[in-house]
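A short write-up of the structure that comes next.
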Amino acid sequence: MRSYRSNAASDVRIEYGIELGEGLALFPETASAASDLSTINDALAARYESRLVLRIPVLRTRAALRFAEFSVERVVRSALRAAEIEDGGRRARICASVFPKGCNPILKPVGKRQVKPLKDLVERLAKSQVAGIAAYRAVWLPKLQDALASFEAAVATHVAALAAYDDVFKAELALRDAHHDAVDRVMGQVRTAFPRDRALQDVLFPPVDEADASTTSEDDAEEPIPSHPLPPANA
């Protein structure tokens with residue numbers, strides 16, 4: 001009897017479950033199995049659909065974060081150039097105080113890992129007491145603070161979207177396992193209901209794409225069934 005692999009995507013399981021349920025419902029001996037499978041199949045489909053919906057804010061907030069990171073990095077680079085100009089065209093007292101190791105330690109991290117070095121930069125500028133820093137600080141501290149605030153907001157929004165997505169996906173993975181277990185139970189019920197009717201067993205269990213196909217060990221010992229793969233399913 002054919003089934004999907006244990007690592008098959010949700011849509012593969014859902015489509016398989018719909019077809020298997022339709023076949024099971026045709027026979028009194030397996031009608032209850034069809035109902036049980038339909039319950040878990042519908043639950044998986046609902047969770048899968050809700051995850052797809054939550055994928056949209058993940059993508060949108062990821063794009064917003066990318067541009068926020070681009071913007072804050074431009075401000076940081078401009079601030080370093082302005083410090084060099086304030087130092088007389090070279091990296092001297094202001095650069096040493098505010099950018100002791102240049103831009104790389106600030107700009108190399110990505111995403112939320114960049115928040116701390118940016119905060120450290122703002123703090124160094126706010127607290128620096130080197131000669132001539134006042135005029136530079138009056139111009140660049142507000143710019144860096146605003147850029148940091150916008151970046152932190154973008155990070156927080158994206159992290160929240162990811163958390164919501166991951167929470168639903170974990171529940172979906174649990175339902176995938178339950179779906180696989182339900183299909184295993186159905187196989188046992190079909191063997192019991194139609195113990196020597198290999199032809200009926202074969203037609204009850206729908207074909208799946210070759211990459212997602214799996215068969216029971218009992219079937220592997222017999223003549224292979226001709227493959228009728230479905231179109232490739234989305235991951």
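The values are calculated or read from the model by the stated rules, or taken from the named source; none is laboratory data. All figures in this text were calculated on a predicted structure; none of them were measured in a lab. For neighbour counting, all protein chains shown are included, and Cβ atoms are generated from backbone atoms with ideal geometry for every residue, glycine included. Side chains are part of the model used for accessible areas, which takes the heavy atoms of the whole protein and leaves out ligands, DNA and RNA. Shrake-Rupley method; radii C 1.70, N 1.55, O 1.52, S 1.80 Å.
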**Report entry** Cleavage-rule hits (trypsin sites (Lys or Arg not before Pro)) in segment 1-80: DSSP loop, at most 16 neighbouring Cβ within 10 angstrom
**Finding:** R5
Query raised in the report: Which value, in debye to the nearest 20, gives the size of the charge dipole of the chain about its Cα centre, when Lys and Arg are +1 and Asp and Glu are -1 at the Cβ?
Result: 2760 debye
Requested in this report: Check every DSSP H run in the chain and write down those whose alpha carbon atoms cover 27 angstrom or more along the long axis and whose mean Kyte-Doolittle hydropathy is -0.5 or greater.
Outcome: 31-86, 133-193
Query raised in the report: How would you order 199-206, 109-116 from highest to lowest mean count of nearby Cβ atoms within 10 Å?
Result: 199-206, 109-116
Query - Lysine pair number, Cα distance threshold 23 Å (strictly under), the chain, separation 8 or more or different chains - result: 15
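Once neighbouring chains are kept in place and the probe is 1.4 Å, which whole percent of the accessible area of the chain is contributed by carbon and sulfur?
Roughly 56 percent, rounded to a whole number.
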Requested in this report: Would you be so kind as to identify which of A68, V208, A138 lies farthest towards the positive end of the dipole of the chain, taking Lys and Arg as +1 and Asp and Glu as -1 on Cβ and the Cα centre as origin?
Outcome: A138
Query raised in the report: For the peptides 16-25, 154-163, what is the packing order when you average, over each peptide's residues, the other Cβ atoms within 10 Å and list the highest mean first?
Result: 16-25, 154-163
Requested in this report: Write down the accessible area per residue of segment 57-205 in Å², having rolled a 1.4 Å probe over the full set of protein chains.
Outcome: 55 Å²
Query raised in the report: How far, in nm, would the chain grow between D42 and A135 when pulled straight, counting 0.36 nm per residue and subtracting the alpha carbon separation?
Result: 27.0 nm
Query - 222 nm mean residue ellipticity, helices alone, for the chain (DSSP H n ≥ 4; -39,500 (n - 2.57); rounded to 500) - result: -24500 deg cm²/dmol
